[in-house]
Amino acid sequence: MLPLVLLNGLIDSFNPCAIGVLLLYISLILTLGGSRRQLINFGIFYLASMYITYFLIGLGILHVFHLFGIHNFFGWVAAAVLFMIGAFYLKEYFLPRLYVPILSPFFGACRIPKWDRKITVLSALALGFFVGLCEFPCSGAIYLGTVALLSSKETFINGIFYLLIYNLMFILPTALIFLVSTRPQTVKLIQKFQGVAHTKIKLVMGLVTIAMSVTLLLWLIQPLL
């Protein structure tokens, strides 16, 4: 399970919302002439808040699956939801202008939140919390599939351990971007790359999500054969 958890956490991490918010505020700090200490404090608390929020979401889902059992209704629902979301990601890549009732407004609701431009620890914590909440509907299908597989193959304690590792991988790219984003030129280059890679990320996430849906379905069907 460890290689799967590491890979899925890394794939889930390439979310424009989390990276976009961090780049926005790094750019703002640099524009306002903020100190390096302000930049470091903001990044650390932002990443910590996002990590804890996303981890708690996964922990809640893991507890529900262990409480009710993955073999029953919840397991089949998770597989169906994964397939539906994966298909939507592929639709977004191949047919981006095609409107899908309910799903298009739901996934389109994830935007960089507006917030007070004061660079404080409180603003970093608040942004990390809201981005963590926002990211689950935006890219949480991989997270949901991973938690479903963990609940089916691991104990609850082992599942918590894997969730801690998953979320470390989840914040790793954002943390690396934070470490190198100390100059305005670097921020602009990363923002440009993010814009180009945005559609490719949807394709990868769609394929991975459908693959996880099929894997979960095969595991659920196996005892019935």
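Observations on the model:
- A simple spin-label model places pseudo-atoms 7 Å from Cα toward Cβ; at residue 215 and residue 94 they are separated by 2.2 nm.
- Spin-label model, residue 172/residue 10: points 7 Å from Cα along the beta carbon direction are separated by 0.5 nm.
- Stretching the chain fully between residue 76 and residue 102 yields a gain of 7.3 nm (0.36 nm per residue, less the alpha carbon separation).
- Spin-label model distance (nm) - residue 64 vs residue 27, 7 Å beyond Cα toward Cβ: 3.6 nm
No lab work stands behind these numbers, since they all come straight from the coordinates. Since this is a predicted model, take the numbers as computed values, not measurements. When we count neighbours, we look across all protein chains shown, and the Cβ atoms used for this are built from the backbone with ideal geometry, even at glycine.
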